[in-house]
1. Name the pairs whose Cβ atoms lie under 9 Å apart, with the first residue in the stretch 9-25 and assigned by TED's automatic domain parsing to the domain that holds GLU233, the second in a helix (DSSP H, G or I) and of a type outside the set (A, V, I, L, M), and 6 or more positions between them or separate chains?
2. Would a scan of the stretch 102-122 turn up a residue that is surrounded by 14 or more Cβ atoms within 10 Å (Cβ to Cβ), touching a residue at least 12 places away in the same chain (Cβ under 8 Å) and under 28 Å from the mean Cα position of the chain (by Cα)?
3. Restricting to the stretch 119-143, give me the number of residues that are in a helix (DSSP H, G or I), within 22 Å of GLU183 (Cα to Cα) and touching a helix residue (DSSP H, G or I) at 6+ places or on another chain (Cβ under 7 Å).
4. Looking only at residues in the stretch 68-88 that are loosely packed, with under 15 Cβ neighbours inside 10 Å and under 17 Å from VAL30 (Cα atoms), which one is nearest to the chain's Cα centre (by Cα)?
5. Provide a single number: the residues in the stretch 343-377 that are hydroxyl-bearing (Ser, Thr, Tyr) and without any contact (Cβ under 8 Å) to a residue 24 or more places away in the chain.
6. Return the residues of the stretch 6-20 that are within 23 Å of the chain's Cα centre (by Cα), surrounded by 12 or more Cβ atoms within 10 Å (Cβ to Cβ) and not basic (Lys, Arg); say none if nothing qualifies.
7. Which residue pairs have Cβ atoms closer than 8 Å, lie 6 or more positions apart in sequence or on different chains, and pair a first residue in the stretch 304-318 that is assigned by TED's automatic domain parsing to the domain that holds ASP337 and free of Cβ contacts under 8 Å to residues at least 40 places away in the same chain with a second residue that is part of a loop (DSSP other than H, G, I, E, B) and not basic (Lys, Arg)?
8. How about the stretch 325-345: which of its residues are crowded, with 17+ Cβ neighbours inside 10 Å and within 23 Å of the chain's Cα centre (by Cα)?
Amino acid sequence: MRAGAEPWRDPDAVPYVRIEGVTKRFGGFVAVDDLSLEIHRGELFALLGGSGSGKTTLLRLLAGFEAPDRGRILIDGQDMTGVPPHARPVNMMFQSYALFPHMTVAKNVAFGLVQDGVPRAVRDERVAEVLDLVQMREFAARRPDQLSGGQKQRVALARSLVKRPKLLLLDEPLGALDKRLRERTQFELMAIQDRLGITFVMVTHDQEEAMTMADRLAIMNRGRVAQIGTPAEVYEYPNDRFCAEFVGDVNLFEAQVTEAGADRTRLACEAAGCAIEVEQGAPAPVGAWCWVAVRPEKMAIAKVPPPDDGAPVNRAAGIVRDVRYTGDLYVYRVELDAGATVRVTAPNLTRRTDMPVAWDDRVWITWSPLGGAVLTR
């Protein structure tokens, strides 16, 4: 959403999609477990999770392909209980695209309008409009087997949009595309959603895709929502170890609280070999065991030791065991003297062919109190 348009922060805003205490079982397996969720009009909302997390089942419940065993789903204030898929103000773009191989692009896109009995003149106008939107009008006479993967994806999107749904559901929409095309298509899809103002709910297991595209995302685990927030909120302030590890890379240290302040927590960490300070109010009392999460990019790596300022805080020494060069980044795996192994990333800021830090170098790792988060579970 555009800056400032964040209806989920408005206590008076009415959610466009409301999922209330929904449970869905398949035999003895609970796919969705007493789940409640609110999505606002115009959001691009991502359901992010691994296999078996319940994200695809939840999407199918929204579409009406599955019925909840308990709870209810409301879309634009209307209870969807008993409403069949074709009668819902919803359309779905499938992961496989599900294009008809014997039909042209134009006929594939028009199929839903034909089924609804839309007059030919209106149908042709809307098909042309949506093909222009996805930049596929010049391919209208081709069949799917004459298209690239990216072009098929655009046709599937056009077919999903042509009926002008209030809610568009996308099941792993970019999963079949190669990395470069997927990245470009992410921005194109975001631009289309912004232009049309349709509410999108997207299922993906790709954390980078969810972080790039979504206004907000829900991390799902075992049929429940583990955390909801904007990409920045989820990344910088994870709820627990699962969320910290699922989104991005993270170093986790088990540590014991030694000082519990209103805006700063100090912990003793044997595995890091130093005290850890975090600019965060203590979530647990002195003596409690917690976890400290520090992202690799929050850490600095150097071959020169930092100034000695007494008791080491957020500072550890070790040996570089692995180096990975990706062009834009150096990725280091460092074995600390105290026993823990950490991952550190550093941007490639200068043109050079030698390694600024190499295998078996002795290094010092430091990070700011603002760089960590204390987790109690």
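1. So the pair list comes out as ALA13/PRO7; VAL14/PRO7; PRO15/PRO7; PRO15/TRP8; TYR16/PRO7; LYS24/THR57; LYS24/ARG60.
2. Checking the stretch 102-122: not a single residue is surrounded by 14 or more Cβ atoms within 10 Å (Cβ to Cβ), touching a residue at least 12 places away in the same chain (Cβ under 8 Å) and under 28 Å from the mean Cα position of the chain (by Cα).
3. Of the residues in the stretch 119-143, 3 are in a helix (DSSP H, G or I), within 22 Å of GLU183 (Cα to Cα) and touching a helix residue (DSSP H, G or I) at 6+ places or on another chain (Cβ under 7 Å).
4. Here the answer is ARG72.
5. Summing the residues that are hydroxyl-bearing (Ser, Thr, Tyr) and without any contact (Cβ under 8 Å) to a residue 24 or more places away in the chain in the stretch 343-377 gives 2.
6. Of all residues in the stretch 6-20, those within 23 Å of the chain's Cα centre (by Cα) come to 6-10, 15-20.
Pick out the ones that are also surrounded by 12 or more Cβ atoms within 10 Å (Cβ to Cβ) and you get 6-8, 15-20.
Residues satisfying the conditions are GLU6, PRO7, TRP8, PRO15, TYR16, VAL17, ILE19, GLU20.
7. Partner pairs satisfying both residue conditions: PRO312/GLY273.
8. The answer is ARG343, VAL344, THR345.
The values are calculated or read from the model by the stated rules, or taken from the named source; none is laboratory data. Predicted model, so just to flag it, every value in this text is computed and none were measured. Positions of Cβ are generated from backbone atoms using ideal geometry, with glycine treated the same way; all protein chains shown enter the neighbour counts.
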